Amino acid sequence: MAQRSPLHEIHKELGAKFTEFAGFEMPIQYSSIKDEHLTVRKKVGLFDVSHMSNLWITARDAEKLISLTTVEDASRIANGMSQYTELLREDGTIIDDTIFMHLEDKYMMIPNAGMASTVTGWLNVKAEEHDLCAKADNVSKDYVILAIQGPKSGDTLQKLTDVDIKTVKFFGCMYIKIANTDCIISHTGYTGELGYELQITPAKTANHVFKKILDAGKEFEIKPIGLGARDTLRLEKCFILAGNEFEGGKTPLEALLGWTVNWDHEFIGKKAILKQKEQGDFKRLTYLECIDKGIPRHSCKVEKDGKDVGVVSSGTLSPCLSKGIAMAYVHPDFREKDSILDIIIRNNPVKAKVVKPPFVKKDWAENN
Amino acid sequence: MGEEIREGLKYTETHEWLKVEGNKAKVGITDHAQSELTDIVFVELPAIGKEIKKGEELCIVESVKSVSEIYAPVSGKILKVNEKLEDAPETVNQDPYNDGWLIEMEIADKKELDKLLDAESYRKCI
C-alpha cells in the first residue's frame, strides 16, 4: 500500500483528492488545479511535500563525499547555504537531482520521492570505495516537508517567528522556530515564486505548524496546494521533474543543467560528460509553446516536416498563459529559438514554437 | 456530494448522458464526471458525419492533469458537435447537462437504448 503523509487526515478534512506518486498517496488537488496554481502566483500557497526524501550526511568527510558524488564542489557552499545539484552514475547519467543544505558540521540532502534508499545506498557505497569517513542516513520517515510559496509567503511566515524572515537569504538555510516548533527553513522552492521550505521533525509536530501557517496566511487568502498545481507551476518555470526529464537516463548536459556543473573538481561521471560536451551532437531539453490548440503530454513525438526530431518529457496546459507548453528532448539541429516544430498529439500535428525559458516570466503576476 | 443526476435522461456506467429525441440523441458527460475531472481545458470533438459504434471513442476531454476518453453510448452517425467548446471548454464544468453538451448523433439502433441506465440506476452506480 502507498505510504501516507503524517498530515493525511488534515488533507482529508480540507477536501483533498489524492493521487499515488512514487509510492506515496498525496493530495493532487483541494479545490481546482487552476485556482491553486494562480493562488501561488498571486498570493500564497501551502504544500505538503513529505513524499520527498531526507538524508543526513555526517562525519569528517561529509563535504568530500558530496563533492565526489555530485556535480557541485561542496567546499564552495558555506555553512547556512543550500545548493541544487545532481548525482551522476559513472556513465554521466543522472541518478537524481537534489538540494543539499550545509548546516554546521553536517549536511541534509533532499532527494526526490522514492529515491531515499537508492541515494543513501549509493552515497555509502561510494564513501567506502573512496575511503571516506562519511555516512548517509535515510531519515525520510522522521520528517515532514512543507513548502510555503508565493509573493505573500514571507509575510505569512513572519507572523509565526521572531527571526526577521528577510535575513534568510536566497538559498540560505538555518534552524528556526516556526509557530514555536523546531524547523529547518530554506529559502528555496519549486514554483519560481518567493518561497520557503520547512523540514520538520518529529513528524507529528508538523500538524500544528501546518494549521498555524494556514491561519497566519488567511489575511493573504492562503490555500493548501496539491501536486497537480505543483507540476504546472514548475513546468511554467521550466524546472525539471526527475521522473519525467531523467527517464531512460539523461546527463546534465542533455537536461540543460550544465550551469549546475562545477568543472573545477573531480566527481563521479565527469569523464563521461566531458566527452559528451566535446562531441556536442546530442538531443537536449527544449522549451516548446503551442501555437495551435492542443495540450502536449509526456511521450508525444516532436517532428519537423514529418521527420522525427524529438520527444516530449513533460507537457501541460499553462494556467497562466492558457496555452499548451512542453519540455522536449530535441535534436540539436532543430531547437533554435523561434523554430516551428510539430508536436504529435493523438496523430495530429500541433504547431509549437521553440522559446527561451521560463514560459512564464517573473513579472507575470504584476501584469495579470 | 450534491452532484446532479437529471431525471429523463439515459446514462452509461462510464458517466455519459443521453437525451433522446426521436431517432436523435444529444450526448454529454454527467455532473459527477465533470466534478471528478475538474478544470476541463480542452475538448476534442469528432468530425460531423462520422459513423461510430457503441463503446468506441467519441471524443476526448482533457483536464489540466488528465486525458479522458468519452465513449459512444450507442452506435450511430455524428450530426452536430458543440463548437462552442473549442473556445470555452469550461462550459462542460459549468453546465454539463445543457450548454456543455458534446455532440448530437443519429441513433442507428434504438434497441441499444434499452441497455442504458435510467437516473435511478445511475445514482446507484456512482
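Values quoted throughout were computed directly from the atomic coordinates according to the rules given, and no laboratory measurement underlies them. Just so we're clear, the structure is a prediction, and the values are computed from it rather than from any experiment. Here the Cβ is made from the backbone with ideal geometry for all residues, glycine too, and neighbour counts use every protein chain on show.
Cut-off under 16 Å on the C-alpha distance; same-chain residues fewer than 8 positions from A:K275 excluded. Which aspartates and glutamates are left, in chain and number order?
Leaving aside aspartates and glutamates fewer than 8 places away in the same chain, those within reach of A:K275 are A:E90, A:D91, A:E254, A:D264, A:E266.
Run through every distinct alpha carbon pair of the protein assembly as shown and return the Kirkwood hydrodynamic radius in angstroms, one decimal place.
The Cα-based Kirkwood calculation yields 24.7 Å.
Just need the relative contact order of segment B:14-125 here, percent rounded to a whole number, with Cα pairs under 8 Å and 6+ apart.
Averaging sequence separation for qualifying contacts and normalising by length gives 30 percent for segment B:14-125.
Taking H as built 1.01 Å from N, whose amide H comes closer than 5 Å to the amide H of B:Y71, not counting residues under 5 places away?
Amide H to amide H, under 5 Å and 5 or more residues apart or across chains, B:Y71 pairs with B:L58.
Given the -39500 (n - 2.57) contribution per DSSP H run of 4+ residues, what per-residue ellipticity at 222 nm results for the protein assembly as shown, rounded to the nearest 500 deg cm²/dmol?
-5500 deg cm²/dmol
Excluding residues fewer than 8 places away in the same chain, name every one of the lysines whose C-alpha is closer than 19 Å to that of B:K124.
Cα-Cα hits under 19 Å: B:K10, B:K115.
For A:D35, project a label point 7 Å along Cα to C-beta. Then give me every residue of segment A:3-23 with its amide nitrogen under 14 Å of that point.
A:14-17
When Cβ neighbours within 10 Å are restricted to other protein chains, what is their mean count per residue of peptide A:295-305?
Mean inter-chain Cβ contacts per residue within 10 Å come to 1.
Students often get this wrong, so check it: of A:K237/B:K65; A:K169/A:K250; A:K237/A:K304; A:K307/B:K50, which have C-alpha atoms separated by over 20 Å?
Over 20 Å Cα-Cα: A:K169/A:K250; A:K237/A:K304; A:K307/B:K50.
Just rank B:L18, A:L88, A:L317, fewest to most, by other beta-carbon atoms within 10 angstrom.
Final ranking by Cβ density, sparse to dense: B:L18, A:L88, A:L317.
Counting other beta carbons within 10 Å of each Cβ, put B:V74, A:V350, A:V125 in order, fewest first.
So the ranking, lowest neighbour count to highest, is A:V125, A:V350, B:V74.
For A:D61, which sequence-distant residues (separation of 5 or more, or a different chain) have an amide H within less than 5 Å of its own amide H, given hydrogens modelled in the peptide plane?
Result for A:D61 returns A:C133, A:A134.
Mind giving me the nanometre distance, one decimal, between the label points for B:V20 and B:E112, set 7 Å out from Cα along Cα→Cβ?
About 1.2 nm separates the two model spin labels.
Is any residue of segment A:271-296 close enough, with backbone N under 20 Å, to a label point placed 7 angstrom from the Cα of A:D338 along the Cα-Cβ axis, and if so, which?
Answer for this model: A:286-292.
Please say if chain B is rounded, prolate or oblate, where rounded means a/c under 1.5 for a ≥ b ≥ c the square roots of the C-alpha gyration tensor eigenvalues, and otherwise the choice is prolate for a/b larger than b/c and oblate otherwise?
Oblate, because a/c is 1.5 or more while a/b does not exceed b/c.
Could you give the alpha-carbon Rg of segment A:55-141 over 2.2 N^0.38 Å, rounded to two decimals?
0.96
Dipole magnitude of chain B about its Cα centre, charges +1 at Lys/Arg Cβ and -1 at Asp/Glu Cβ only, in debye to the nearest 20?
520
Around A:S314, which amide H atoms from residues at least 5 apart in sequence, or from another chain, sit under 5 Å from its own amide H, with H modelled in the peptide plane?
When sequence neighbours closer than 5 places are left aside, the close amide H contacts are A:M327.
Using the beta-carbon distance between B:E36 and A:W263 and R0 = 41 Å, what value does 1/(1 + (r/R0)^6) give for FRET efficiency, to the nearest 0.05?
0.25
Which pairs break 31 Å Cα to Cα here: A:K126/A:K177; A:K293/B:K53; A:K212/A:K323; A:K293/B:K26; A:K17/A:K159; A:K166/A:K283?
Listed pairs above 31 Å: A:K126/A:K177; A:K212/A:K323; A:K166/A:K283.
Mind putting a number on the dipole of segment A:283-357 about its Cα centre? Charges go on the C-beta only, +1 for Lys and Arg and -1 for Asp and Glu, and I need it in Debye to the nearest 20.
The calculation lands at about 180 debye.
Under a straight-distance cross-link criterion of Cα-Cα below 17 Å, which aspartates and glutamates are reachable from A:K12, leaving out those fewer than 8 residues away in the same chain?
In chain and number order, the partners are A:E20, A:E25, A:E36, A:D48, B:E36.
Could you list B:S66, A:S82, A:S153 in order of exposure, starting from the residue whose Cβ has the fewest other Cβ atoms within 10 Å?
Listed from fewest to most nearby Cβ atoms, that is B:S66, A:S82, A:S153.
In nm, give the distance between the simple-model label positions of A:F282 and A:D91, each being 7 Å from the Cα along the Cα-to-Cβ direction.
Spacing of the two 7 Å Cα→Cβ label points: 1.1 nm.
Return the FRET efficiency for the residue pair A:V163, A:K353: r is the Cβ-Cβ distance, R0 is 41 Å, and the value is rounded to the nearest 0.05.
With R0 = 41 Å, the Cβ-Cβ based efficiency is 0.35.
Just check segment A:12-59 against the gyration tensor rule for me: Cα atoms, a ≥ b ≥ c as the square roots of the eigenvalues, rounded for a/c under 1.5, and otherwise prolate or oblate depending on whether a/b exceeds b/c.
The shape class here is oblate.
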